[in-house]
1. Pop the C-beta distance of residue 205 and residue 56 into the FRET formula with R0 = 30 Å and round what comes out to the nearest 0.05.
2. By how many degrees, 0 to 90 and rounded to 10, does the Cα axis of helix 28-39 deviate from the longest principal axis of the chain?
3. For the chain, give me the percentage of DSSP beta bridges that are antiparallel, rounded to the nearest 5 percent.
4. Using only the alpha-carbon atoms, how far is helix 224-235 inclined from the longest principal axis of the chain? Give it as 0 to 90 degrees, nearest 10.
5. Which whole-number percent is the relative contact order of the stretch 130-195 (Cα, under 8 Å, 6+ apart)?
6. Connecting C-alpha atoms closer than 10 Å in a GNM of the chain, tell me which of 94, 119, 205 has the biggest fluctuation.
7. Could you order the peptides 34-43, 234-243, 50-59 from most to least packed, using the average number of other C-beta atoms within 10 Å per residue?
8. Once both axes come from the Cα atoms, what is the angle between helix 123-137 and the longest principal axis of the chain, in degrees from 0 to 90, rounded to 10?
């Protein structure tokens, strides 16, 4: 007698019916994240400080037939963060970040405080408010921080930036343990150098380009599109058993 075989099915990457917030979502990697989530059916709220950039991003998303709205948000304003989560978001992607590079012996207090305020303090309280809103509503969710390969290694002239991203990685591991019983997942995506308007200065320096290429084992620079699939995965049920981890999108940089 023949026995039938029940085949497993791949969990869906779709986000239909989900509300998603993307901070720093109006340009560069953040805009790519906004598109990635909208493509999968999420209603995306694009959050950033510039009203003009937010409006342009929302208009472009809507022109594709996707559901989007905008939020003018200063991530360092904890009161504004609390207000933003008056209604919970099923998916939160934090793509807001700041880099001020210099030799460690020349770091100013102002630069140190500015980077830590955005990359660590704001990320911490964004995660806190996102989780609190979900817990209060009895909902599950996914929180994703765009971190960096520099959260797992070091770099010349990047002591402050590396310190901030290492802090985010530790924060996420601890929060995963606390949020897990509520079925709220929190992870990071760790890109290598990605071509965006903000990184063109780096890519215009031949010596810096040669150094970057020597580190990336896939022998090419990263593009925004390389981040989009990782974010869609971590936002969806396809990653339902993934929390407290770092998804490296670094072309092999951190392999040594």
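1. Working: r = 29 Å, r/R0 = 0.97.
With a Förster radius of 30 Å, E is 0.55.
2. Orientation of helix 28-39: about 10 degrees from the principal axis.
3. Expressed as a percentage, antiparallel bridges in the chain total about 0.
4. Approximately 40 degrees, to the nearest ten.
5. 45 percent
6. Of 94, 119, 205, the Gaussian network model singles out 205 as fluctuating most.
7. Most protected by this proxy first, the peptides run 34-43, 234-243, 50-59.
8. Orientation of helix 123-137: about 10 degrees from the principal axis.
The numbers here are math on the coordinates, done by the rules we state, and not lab data. What you see is a predicted model; the values in this text were computed from it and never measured. Counting neighbours? That spans all protein chains shown, and the Cβs are built from the backbone with ideal geometry, glycine included.
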